[in-house]
Every structure is written in C-alpha cells, then in structure tokens.
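Written below as structure tokens is the structure these notes are about.
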C-alpha cells in the first residue's frame with residue numbers, strides 16, 4: 001500500500017510558482033515550468049527517502065499550459081520536451097506513483113459548449129504533460145454539476161467522454177464528490193463510460209448513497225479498476241466545524257485511520273492519496289500503521305497486481 005499527498009512538500013518546502021495571465025509570456029512560462037519540474041523532482045526524491053510512494057503533480061506545472069492563447073503560443077510541448085523527459089525519468093527512479101487532479105473548472109457536462117471546450121483543452125494539457133514525462137499517471141475528475149436536470153447532465157458527460165483522445169481516456173478516473181454526485185451515481189457512470197472510480201471516503205460520509213455502505217461503495221469502486229492496475233482512493237478528515245463544510249483538515253486522526261485499515265483488510269489492495277493540508281507531515285505518522293498492517297498475520301485477501309511507479 002502506497003500513501004501520498006498533493007503537490008507541495010512542506011518539509012523541504014516545495015516552491016511551486018505560477019504567474020498572472022497578463023504576465024504569462026512564453027519565456028516566463030518556460031522559466032517557471034522548468035523551476036516547477038525541478039521542485040517536483042526534489043519532492044519525489046524526498047518521498048523515496050522517507051517511505052512515501054505517491055505524489056500528485058500540480059496542475060500549474062506549466063502555468064497556463066492549457067490556455068488557448070498562452071499554451072499553444074508558448075509551444076511548451078516542444079520547448080520543454082527534454083526537461084519533461086528528464087523529470088519523468090527521475091520520478092520513475094524515485095519509484096513514485098503519479099497522479100493529477102484537473103481543477104474544478106474542468107467540467108465535461110456543462111450545458112455551455114465553451115466550458116466543455118476549455119475542459120477538453122485542460123485534460124489534453126495534463127495528458128500531454130504526462131506523455132512527455134513518460135508517466136502513465138491517473139487524471140482524477142469529478143462529474144461536474146447537475147444543472148437542474150441530472151439525466152441530461154449524465155448524458156452530456158457520456159457524450160463528451162466520447163470526444164476524449166486516447167491519452168486522456170486511458171488515464172481518466174472518476175471521483176464521487178460531497179455536493180452533487182454520490183458514490184452510487186459515480187459507480188453507474190463508471191459502468192457507462194468504462195472509466196475506473198476513485199472512492200473518496202470523506203466525500204462518501206458527507207454525501208452518502210442510500211443503501212450503499214462505505215465498505216460496499218469502496219469494494220465496488222475498487223472492482224472498476226483493471227486487474228493489472230492497483231486502485232487508489234482518497235482519504236481525509238474534516239477541518240474544524242468553523243470551516244466550510246467539505247474542507248479538508250490539517251492532519252489525519254490516527255485511531256479512525258487504523259480502524260479503516262482494519263475494516264478494509266479483506267478488500268482488494270489499494271493505495272491511498274491523503275488529502276490533508278499538512279501534506280507530507282500528515283502522511284508520515286500514518287506510515288508505521290500501514291507497515292504494521294502489511295506485516296500482520298494474513299487474512300483472506302485479494303492478490304495484488306504488480307504496482308506501476310507511474311500508474
């Protein structure tokens with residue numbers, strides 16, 4: 001079981017940088033992208049030295065890389081080809097499982113075609129970046145909104161999914177959210193599209209599925225992944241009550257996490273992306289409990305497929 005965190009390593013700390021659109025000249029974009037790649041490699045190598053096996057890449061690796069004016073104009077795919085390849089090689093050497101999570105504005109089921117077109121550009125940017133790095137990393141996506149007509153929103157998602165290029169389709173995975181689409185609905189969409197599902201435990205507690213327990217939803221989500229790929233899930237704890245509902249907490253409570261590990265022992269093996277504000281500092285205290293689980297007396301457990309360092 002690998003554990004990971006999103007983008008920024010607080011122990012180093014990672015210094016990822018971006019720029020405002022008005023200042024995003026091709027030269028500035030390339031400069032910042034090279035700096036971000038170097039910082040990401042530093043985080044991957046730190047992870048390898050500290051027992052952390054998974055890292056989510058920032059969507060701003062190439063600032064405005066998906067923007068219709070900045071992205072193509074900067075020709076970053078050609079200009080950064082060697083830099084991306086070197087970074088990918090270093091990340092593979094660090095044995096990191098890589099993923100991305102395109103932002104909230106990447107919506108494939110919007111009733112506005114211009115929003116869908118921007119989402120397609122964004123997904124192509126993420127997939128092309130991973131291609132050039134030589135990584136097979138996943139791209140996690142929410143279903144989007146309901147827009148007052150859930151069936152029409154579902155149909156638009158399925159229709160738009162047919163437009164996706166192959167390098168996006170083979171990486172895309174769907175996630176249940178905490179407001180609109182619960183785990184049962186995302187499982188249904190997974191069956192309709194063939195995309196695997198990332199089960200978000202925290203979201204599942206905020207937006208439960210009627211007649212589907214956490215363990216049942218998780219087991220079904222794990223089953224959407226091909227046998228040769230190790231599934232992954234999202235795990236987080238809530239922020240204090242004064243914060244907005246759905247906000248991730250700083251760290252992970254140890255006792256509930258240990259209980260979760262015990263409850264899921266007989267399920268298919270999976271990796272865990274920890275979504276906590278303290279990033280690597282939240283992951284490190286969890287590692288001994290994962291190691292203890294791995295070395296405890298065996299139960300009836302599904303065989304784990306060989307892990308891919310970039311799946």
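The values are calculated or read from the model by the stated rules, or taken from the named source; none is laboratory data. These figures come from a predicted structure and were not determined experimentally. Here Cβ is always computed from backbone atoms with ideal geometry, including for glycine, and neighbour counts include all displayed protein chains.
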* Asked: Any residue in the stretch 93-102 that is at pLDDT 95 or above, surrounded by 17 or more Cβ atoms within 10 Å (Cβ to Cβ), in contact with a strand residue (DSSP E or B) (Cβ under 8 Å, 6 or more places away or on another chain) and farther than 22 Å from residue 45 by Cα?
  -> yes
* Structure fact -> Residues in the stretch 103-120 that are surrounded by fewer than 21 Cβ atoms within 10 Å (Cβ to Cβ) and in contact with a strand residue (DSSP E or B) (Cβ under 9 Å, 6 or more places away or on another chain) total 1
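How about the stretch 96-131: which of its residues are assigned to a loop (DSSP other than H, G, I, E, B) and over 16 Å from residue 62 (Cα atoms)?
Narrowing the stretch 96-131 to residues assigned to a loop (DSSP other than H, G, I, E, B): 96, 101-112.
Listed by number, the residues that qualify are 96, 104, 105, 106, 107, 108, 109, 110, 111, 112.
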* To do: Within the stretch 222-237, identify whether any single residue is part of a helix (DSSP H, G or I) and under 19 Å from the mean Cα position of the chain (by Cα), and answer yes or no.
  => yes
* Go through the stretch 68-80 and count every residue that is surrounded by fewer than 19 Cβ atoms within 10 Å (Cβ to Cβ) and under 23 Å from the mean Cα position of the chain (by Cα). => 1
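Residue by residue, here is whether (1) free of Cβ contacts under 8 Å to residues at least 24 places away in the same chain; (2) more than 17 Å from residue 55 (Cα to Cα); (3) under 15 Å from the mean Cα position of the chain (by Cα) holds:
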site	(1), (2), (3)
100	no, no, yes
104	no, yes, yes
110	no, yes, no
114	yes, yes, no
121	no, yes, no
131	no, no, no
134	no, no, no
* Hits in the stretch 45-67 - residues which are assigned to a helix (DSSP H, G or I) and surrounded by fewer than 24 Cβ atoms within 10 Å (Cβ to Cβ) -> 45, 46, 48, 49, 50
* Asked: Of the residues in the stretch 240-258, how many are touching a helix residue (DSSP H, G or I) at 6+ places or on another chain (Cβ under 9 Å), at pLDDT below 90 and in a loop (DSSP other than H, G, I, E, B)?
  -> 2
* Looking at the stretch 195-218, is at least one residue surrounded by 17 or more Cβ atoms within 10 Å (Cβ to Cβ) and closer than 20 Å to residue 110 by Cβ? -> yes
* Of (1) farther than 30 Å from residue 296 by Cα; (2) in contact (Cβ under 8 Å) with a residue 40 or more places away in the chain; (3) in a helix (DSSP H, G or I), residue 39 satisfies all except one. Which? -> (2)
